[in-house]
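Student: Mind looking over this structure? Questions follow.
Values quoted throughout were computed directly from the atomic coordinates according to the rules given, and no laboratory measurement underlies them. Quantities reported herein were computed from a predicted structural model and do not represent experimental measurements. Counting neighbours? That spans all protein chains shown, and the Cβs are built from the backbone with ideal geometry, glycine included.
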Amino acid sequence: MTTLPAHTEKKLGLAIDLDTCVGCHACVISCKEWNTSNYGAPLSDIDAYGAEPMGTFLNRVHTFEVKADGSNAQTVHFPKSCLHCEDAPCVTVCPTGASYKRSEDGIVLVNEVDCMGCGLCAWACPYGARELDKVEGVMKKCTLCVDRIYNKNIPEEDRVPSCVRTCPAGARHFGDFADPQSSVSKLAAERGGLVLMEAQGTKPVNRYLPPRPKADVTNTAQIDIPNPYLKPASSKPDGFLGWLDNALEKI
Amino acid sequence: MHPAPSVIIFTSLSGLGFGLMAWLGFGFPPVSGMIAFWFFLIAYVLAVGGLLASVFHLGNPKNSIKAFSQWRSSWLSREGIMAVVSLLVMAIYAIGLIFLEQRWQVVGWVGAAFSLITIYTTSMIYGQMKTVPRWNMSLTPPLFLLYALAGGALLAGQIFPAILLLVALTVLQYISWQIGDARFEQAHHTIETATGLGNLGKVRLLESPHSSPNYLLKEMVHIVGRKHAQKLRIISIVLLGIVPAVILVLVPFNHMLAGIAVLSHLVGLFVSRWLFFAEAEHVVGLYYDKR
Ligand code: SF4
Ligand code: SF4
Ligand code: SF4
């Protein structure tokens with residue numbers, strides 16, 4: 001059913017830390033690995049070793065440069081997967097009923113058995129979170145690893161999304177945003193979690209934690225940029241030359 | 001947006017087909033028998049041909065039957081249902097006219113109304129897309145309806161209404177381009193709002209997430225074709241409205257010239273639909289620093 005639930009019991013989603021993400025793309029790879037071999041059709045690659053390799057991914061990492069007037073530019077790595085929007089336009093446009101939002105936890109999914117591959121949901125998503133698989137002809141998107149988070153067959157510490165489990169920097173956090181006491185809600189509150197493209201009215205669940213303010217490296221009076229912690233090198237030679245120097249001075 | 005031939009043919013031809021059907025339903029021209037057969041054949045070939053072309057846009061067409069199920073929320077689903085209803089109602093009306101020499105005018109009116117509703121639902125597939133500000137405006141439905149009514153009048157041989165509608169269409173298309181050009185800016189979507197990083201400074205893409213294009217870029221960030229957009233707009237508007245209107249006004253009716261007017265309109269229509277897609281900027285391009 002492509003009408004949206006009026007209310008979801010939980011709002012499961014990700015808090016993504018733009019301060020700690022190092023842009024290693026490990027989450028991209030682990031997401032692809034998990035999702036190509038589990039829920040739904042595999043994620044195809046086309047011309048993988050050719051001139052224009054293309055493939056389906058549910059998670060991508062962009063890298064931006066941000067620069068304010070008079071300060072240094074700063075690099076921000078920006079992982080992007082489905083934001084599991086509360087007012088998900090991708091769901092309501094779907095003509096077949098393949099796209100839906102779960103009332104129990106708010107996860108937005110595609111039932112591939114019903115999808116006709118019209119691509120309209122990808123048009124409706126402002127964030128580029130849906131990709132039509134070239135080989136299977138059905139729509140693929142982040143499942144919030146629904147087949148991991150409730151999976152009693154895997155160890156408890158693995159019952160989080162694959163991208164979250166993999167991230168070596170701990171930049172992706174998974175939890176319930178409906179619960180104000182959850183770790184992700186607290187993180188978002190403390191760090192001023194960002195909502196992407198708010199004017200689209202999609203009400204994303206995922207939050208982006210903005211980069212923390214950087215030290216002012218342009219103020220050279222405070223910091224010796226090349227060697228902040230080294231003592232100034234002695235101008236006097238040591239060793240044999242030092243002895244010679246001393247001896248000659250004494251003459 | 002990628003100007004895929006399947007969607008251009010779909011919106012152009014089915015619009016024309018349902019436009020002609022609306023005129024026939026309202027009883028213009030008041031045909032019956034064999035002549036009615038030919039008119040309805042043209043309308044059905046265009047409408048059904050357009051709908052079939054849209055199937056080529058699907059990755060998994062075997063599920064297309066399911067597209068009739070989500071009319072509560074989906075404009076595409078409503079479009080499919082309305083198209084089938086219009087075709088069925090008009091079939092009853094057509095059978096009466098062609099084989100029984102009966103004019104069931106009420107059925108014709110209902111069929112015509114459904115044909116117009118079908119065109120409206122088609123327009124809303126695009127008009128609802130907040131992600132494409134150029135489409136997401138109140139002018140999109142009237143524009144689609146005017147295209148269908150003007151083209152339909154031309155095909156139905158309704159000379160005087162056709163002239164008026166073609167002139168109106170030319171004006172409305174021009175206005176839509178002018179207003180559409182400003183829509184993206186008015187929607188206030190920038191790479192800064194897309195990333196949420198605006199309060200830290202000016203944002204630009206440093207490294208793309210992938211080294212060659214992906215589905216998103218191929219489908220939604222079509223930039224190459226826009227170079228000649230201005231020239232194509234002029235070509236389109238001249239062929240679409242001005243040439244056919246001038247032919248109809250200046251030359252006493254003859255089939256040869258009417259054919260040229262229709263052909264000119266058709267080419268202009270295809271060019272303008274190509275532009276409708278090629279010029280439409282999707283907000284996802286912002287994540288790639290592209291519009
Ligand atoms: S991010 Fe896109 S695909 Fe995910 S729920 Fe929101 S609109 Fe739908
Ligand atoms: S591509 Fe599939 S999931 Fe998306 S709108 Fe079409 S039928 Fe629905
Ligand atoms: S939650 Fe799962 S499907 Fe979604 S981006 Fe992470 S690994 Fe991929």
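Student: What is the distance, in nm, between label points placed 7 Å from the Cα along the Cα-to-Cβ direction at B:H2 and at B:R291?
Tutor: 2.3 nm
Student: So which residue, out of B:Y174, B:Y147, B:Y120, gets the largest mean-square fluctuation from a GNM of chain B using Cα contacts under 10 Å as springs?
Tutor: Evaluated over chain B, the most mobile residue of the options is B:Y174.
Student: Net charge near B:I175: determine it from the other residues with C-beta under 13 Å of the C-beta of B:I175, scoring Lys and Arg +1 and Asp and Glu -1.
Tutor: It works out to a net charge of +1.
Student: Based only on the alpha carbon positions, what is the Kirkwood hydrodynamic radius of the protein assembly as shown, in angstrom?
Tutor: It is 26.4 Å.
Student: Using Cβ counts within 10 Å as a stand-in for footprinting exposure, how do B:L200, B:L88, B:L52 rank, fewest first?
Tutor: In order of increasing Cβ crowding within 10 Å: B:L88, B:L52, B:L200.
Student: Okay, moving on. GNM on chain A, C-alpha springs below 10 Å: top fluctuator among A:P95, A:P213, A:P180?
Tutor: Maximum fluctuation in the GNM of chain A, among the listed residues, is at A:P213.
Student: Please give the calculated 222 nm ellipticity per residue for chain A, where each DSSP H segment of at least 4 residues contributes -39500 (n - 2.57) and the sum is spread over every residue; nearest 500 deg cm²/dmol?
Tutor: It lands at -5000 deg cm²/dmol.
Student: Which cross-chain or sequence-distant (5 or more) residues have an amide H under 5 Å from the amide H of A:L14, H modelled 1.01 Å from N in plane?
Tutor: Amide H neighbours of A:L14: A:N206, A:R207.
Student: Looking at this model, which pairs from A:K32/B:K227; B:K130/B:K231; A:K141/B:K130 are more than 30 angstrom apart at the alpha-carbon?
Tutor: In this structure, A:K32/B:K227 exceed 30 Å between Cα atoms.
Student: Rg and Dmax of chain B over Cα atoms: what are they, in angstrom?
Tutor: Over chain B's Cα set, Rg and Dmax evaluate to 20.8, 75 Å.
Student: Oh, and also: How far apart, in nm, are two points set 7 Å out from the Cα along the Cα-to-Cβ line at B:I234 and at A:K152?
Tutor: Distance between label points: 7.3 nm.
Student: Chymotrypsin sites (Phe, Trp or Tyr not before Pro) within region B:35-69: which are DSSP loop residues with at most 14 other Cβ atoms inside 10 Å?
Tutor: Counting only loop positions with at most 14 other Cβ atoms within 10 Å, the chymotrypsin sites (Phe, Trp or Tyr not before Pro) in region B:35-69 are B:F56.
Student: Further question: Which residues in region B:234-267 have a backbone N closer than 12 Å to a point placed 7 Å from the Cα of B:I159 along the Cα-to-Cβ line?
Tutor: Correct set: B:247-255, B:257-258.
Student: If you don't mind, there's one more thing I want to ask. Write out the GluC sites (Glu not before Pro) in region A:1-85 meeting two conditions: DSSP loop, and at most 13 other Cβ atoms within 10 Å of their Cβ.
Tutor: Passing sites in region A:1-85 are A:E9.
Student: Please compute the average number of Cβ atoms from other chains found within 10 Å of each residue's Cβ in peptide A:122-135.
Tutor: Per residue, the number of nearby Cβ atoms from other chains is 6 on average.
Student: Contact order normalised by length for chain B, with contacts defined as Cα pairs under 8 Å and 6 or more residues apart; what percent is it?
Tutor: 24 percent
Student: What residues of region B:5-19 lie in the reach of a label at B:L52, counting those whose backbone N is under 18 Å from a point 7 Å from the Cα along Cα→Cβ?
Tutor: B:5-18
Student: Provide the FRET efficiency to the nearest 0.05 for the B:A91-B:A168 pair, computing r from the beta carbons and using R0 = 45 Å.
Tutor: My answer for the efficiency is 0.90.
Student: Moving to a separate point now. Can you pull the mean other chain C-beta count within 10 Å for peptide B:52-58?
Tutor: Mean partner-chain Cβ count within 10 Å for B:52-58: 2.
Student: Can you give the longest run of chain A that contains no chymotrypsin sites (Phe, Trp or Tyr not before Pro) sitting in a DSSP loop with at most 13 other Cβ atoms inside 10 Å?
Tutor: Result for the longest clean stretch: A:50-149.
Student: Can you give the net charge of the other residues whose Cβ lies under 12 Å from the Cβ of A:D176, counting K and R as +1 and D and E as -1?
Tutor: Neighbourhood net charge equals -1.
Student: Given a Förster distance of 51 angstrom, what is the FRET efficiency for B:L263 paired with A:D87, based on the Cβ-Cβ distance and rounded to 0.05?
Tutor: 0.65
Student: Also: Which loop trypsin sites (Lys or Arg not before Pro) in region A:90-188, with loop taken from DSSP, have no more than 10 other Cβ atoms within 10 angstrom of their Cβ?
Tutor: When the trypsin sites (Lys or Arg not before Pro) of region A:90-188 are filtered for loop state and at most 10 Cβ neighbours within 10 Å, A:K152 remain.
Student: Another question, if that's okay. Given the options B:E281, B:E101, B:E207, which has the most mean-square fluctuation in a GNM of chain B, springs set between C-alpha atoms less than 10 angstrom apart?
Tutor: B:E207
Student: Would you kindly state how much longer the chain becomes between B:M256 and B:S212 on full extension, computed as 0.36 nm times their sequence separation minus their alpha carbon distance, in nm to one decimal?
Tutor: Separation in residues times 0.36 nm, less the Cα-Cα distance, equals 10.8 nm.
Student: Another one. With a 10 Å Cβ neighbour count serving as the proxy for reagent exposure, in which order, fewest first, do B:H57, B:H265, B:H189 appear?
Tutor: B:H57, B:H189, B:H265
Student: Same structure, new question: By the gyration tensor of its Cα atoms, with a ≥ b ≥ c the square roots of the eigenvalues, what is the shape of region A:12-209: rounded for a/c under 1.5, prolate for a/b over b/c, or oblate?
Tutor: Rounded shape, in that the Cα axes give a/c under 1.5.
Student: Please compute, over every Cα-Cα pair in region B:173-269, the percentage with a separation greater than 16 angstrom.
Tutor: 74 percent
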